[in-house]
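The values are calculated or read from the model by the stated rules, or taken from the named source; none is laboratory data. Nothing here was measured: the structure is a model prediction, and the numbers come from that model. Every residue, glycine among them, receives a Cβ derived from its backbone with ideal geometry; neighbour counts consider all protein chains shown.
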Amino acid sequence: MAVETREYRAEARFQRVSPQKARLVLDLIKGLGVEQALTTAAFTKKRIAPVIHKLLTSAIDNAKYVSGEKGFDLDVDNLYVKTALANDGPRMKRIRPAPMGRAFRYQRRLAHIVISVAERNTGADLVTKVEDKTPKASKKKAAK
């Protein structure tokens, strides 16, 4: 019997950071347990790290809320960061003055950050039993 894993997610849209810089922090917490991921985000020295910490806390709170509403058991200690994405948002086009009356164009990038947490499967599902399929002809010979 396959048990479906539930995912709980949180989004932070239109963040004033490039997706490439946000991915540096998200790659640190991807696949970790939520407690360790929160600690990692809290002590990372990047400007986007407090936003990611807040977003991860929101995803955990979403998991608690949904499990309470739907009425099923959720072990918060068993949650882990399943996906952590930083997608491109819209770009703001800006102009920087240049010498001799010219202008240089540049783009301010925005990011949409998505974090989803899920509950780890228990170890009981990982064990499979192998049955012995040896021929039983040896028992017939012993009976004769």
Quick one: count up the residues across segment 18-27 that are closer than 15 Å to L55 by Cα and in contact with a Lys or Arg (Cβ under 9 Å, 6 or more places away or on another chain). 2
Taking the residues in segment 98-117 that are in contact with a strand residue (DSSP E or B) (Cβ under 7 Å, 6 or more places away or on another chain) and surrounded by fewer than 17 Cβ atoms within 10 Å (Cβ to Cβ) as candidates, determine which candidate is nearest to D27 (Cα to Cα). R108
Please identify the pairs in which a residue from segment 43-61 that is of a type in the set (G, A, S) has its Cβ atom under 7 Å from the Cβ atom of a residue that is part of a helix (DSSP H, G or I) and at pLDDT 95 or above, counting only partners at least 6 apart or on another chain. A49/V25; A49/A41
Of these, T39, T44, which one is over 11 Å from V117 (Cβ atoms) and touching a helix residue (DSSP H, G or I) at 6+ places or on another chain (Cβ under 7 Å)? T44
Near pairs, Cβ below 7 angstrom, 6+ apart or cross-chain, from segment 74-103 (free of Cβ contacts under 8 Å to residues at least 40 places away in the same chain and closer than 29 Å to Q20 by Cβ) to any residue that is β-branched (V, I, T) and part of a strand (DSSP E or B): A103/I95
Could you give every pair whose Cβ atoms fall below 6 Å, whose first residue belongs to segment 107-120 and is under 12 Å from V81 (Cβ atoms) and modelled with pLDDT of 95 or more, and whose second residue is in a strand (DSSP E or B) and hydrophobic (A, V, I, L, M, F, W, C), counting only separations of at least 6 or pairs across chains? V114/L85; I115/A10; I115/A84; V117/L79; V117/V81
Determine whether V51 is out of contact with any helix residue (DSSP H, G or I) (no Cβ under 7 Å at 6 or more places or on another chain), surrounded by 16 or more Cβ atoms within 10 Å (Cβ to Cβ) and more than 14 Å from V117 (Cα to Cα). yes
For segment 35-67, name all the residues that are at pLDDT 95 or above and β-branched (V, I, T). T39, T40, T44, I48, V51, I52, T57, I60
Which residues, taken from segment 1-40, are outside any helix (DSSP H, G or I) and within 12 Å of the chain's Cα centre (by Cα)? E7, Y8, R9, A10, E11, K30, G31, L32, G33
Picking from A63, A59, which residue would you name as being of a type outside the set (F, W, Y), assigned to a helix (DSSP H, G or I) and in contact with a Ser or Thr (Cβ under 8 Å, 6 or more places away or on another chain)? A59
